[in-house]
Amino acid sequence: ISLFVFWIGIAHAGTLISAILLALGVKLDRRTSLLAELTTLCALVVAAAFPLMHLGVVENFYMVIPFADARGSFANVRSPLVWDFCCIAVYAVLSLVYFAIHLFSERFQALEDLRRPMAWLLFPLVLWVHTVVSLDFASTFVPNWQGAFFPLYFIAGAIYSGLAMVNVLLVAEGCRVRLLEKLMLSGSFLMLLFWGWIFLLKGEWNFTVFAFGVLLPQLWWVSSVRESPVGRLAISLSVLLGLWLERFYLVMPAEPRG
């Protein structure tokens with residue numbers, strides 16, 4: 001479950017970096033946008049594997065589709081598995097269409113006019129998908145998984161981890177986008193706000209998560225670190241590790257904290 005939530009969060013990278021920024025009129029170079037959109041599709045494929053494992057009988061995955069089967073039986077629409085299938089399927093199809101439009105827009109100029117309307121269509125999906133994921137937890141009786149702020153908390157963590165993954169790939173490509181680095185730094189403060197709020201409400205605090213997710217990313221302020229590819233890679237990997245640990249400890253609230 002923790003891996004599913006983590007990879008769904010990374011899948012928000014393309015939607016945020018390409019679609020949302022485009023909808024807001026912030027332009028990125030084509031290479032970065034395509035890389036982010038491809039990251040979304042790959043992360044969705046990985047994330048989709050975990051609900052199938054949870055289902056048990058993988059070849060019967062179609063049984064979670066909310067339509068009547070050959071026996072006239074419907075899937076249990078109260079099951080989080082059905083919610084996950086619906087949100088992943090819709091998000092994946094629209095993300096694939098958006099990626100295809102962008103990929104061929106250089107050859108067919110008419111497709112370029114469709115990118116911005118598609119971006120506005122994908123905008124609310126960022127909010128919808130991880131809100132559904134957060135409701136998977138809130139629908140249980142575990143006190144640690146309940147709270148009105150959970151949808152916003154999950155969305156913020158998803159976007160933060162997605163930015164970190166794209167920055168890792170940009171370092172691998174020998175590229176750098178300073179805007180994404182600034183967004184990551186802003187994301188660290190936002191996550192600190194949420195973790196502080198959880199501490200005040202429930203008395204929970206994990207120093208390991210804080211160190212990797214908030215403390216080490218403050219190295220963006222150090223010029224010698226941010227100007228070094230190794231430094232940028234280390235910060236981005238630190239965020240990914242911190243967010244994975246945060247999801248892991250969230251799913252297993254009874255485990256001892258680091």
- request: Name the residue, out of SER186, SER224, SER95, whose mean-square fluctuation peaks in a Gaussian network model built on the chain with Cα pairs under 10 Å.
  value: SER224
- request: Mind grabbing the accessible area of TRP197 for me, 1.4 Å probe, Å², rounded to tens?
  value: 120 Å²
- prompt: Which FRET efficiency, nearest 0.05, do ASP29 and TRP128 yield, Cβ-Cβ r, R0 35 Å?
  reply: 0.80
query: Ordering MET184, MET53 from largest to smallest accessible area (1.4 angstrom probe), what's the sequence?
result: MET53, MET184
message: Compute a Gaussian network model of the chain, connecting alpha carbons closer than 10 Å, and tell me which residue from ALA234, ALA100, ALA36 fluctuates the most.
response: ALA100
- prompt: If r is the Cβ-Cβ distance from ALA211 to LEU190 and R0 is 22 Å, what FRET efficiency results, to the nearest 0.05?
  reply: 0.80
query: What is the pair-distance distribution P(r) of the chain, computed from all Cα-Cα distances in 10 Å bins starting at 0, with each bin given as a whole percent?
result: 7, 30, 33, 22, 7, 1, 0
- prompt: Using alpha-carbon positions, what is the distance between the centroids of region 17-42 and region 173-206, in Å?
  reply: 21 Å
statement: Scalar couplings 3J(HN,Hα) for region 24-41 by Karplus 6.51 cos²θ - 1.76 cosθ + 1.60 (θ = phi - 60°), nearest whole Hz, x for Gly and Pro, are 8, x, 9, 9, 10, 5, 4, 4, 5, 5, 5, 4, 5, 5, 5, 4, 4, 5
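The values are calculated or read from the model by the stated rules, or taken from the named source; none is laboratory data. Just so you know, these numbers come straight off a predicted model, no measurement behind them. So basically every Cβ, Gly included, is an ideal-geometry build from the backbone, and we count neighbours across all protein chains shown. For accessibility, only protein heavy atoms count, side chains too; no ligands or nucleic acids. Shrake-Rupley method; radii C 1.70, N 1.55, O 1.52, S 1.80 Å.
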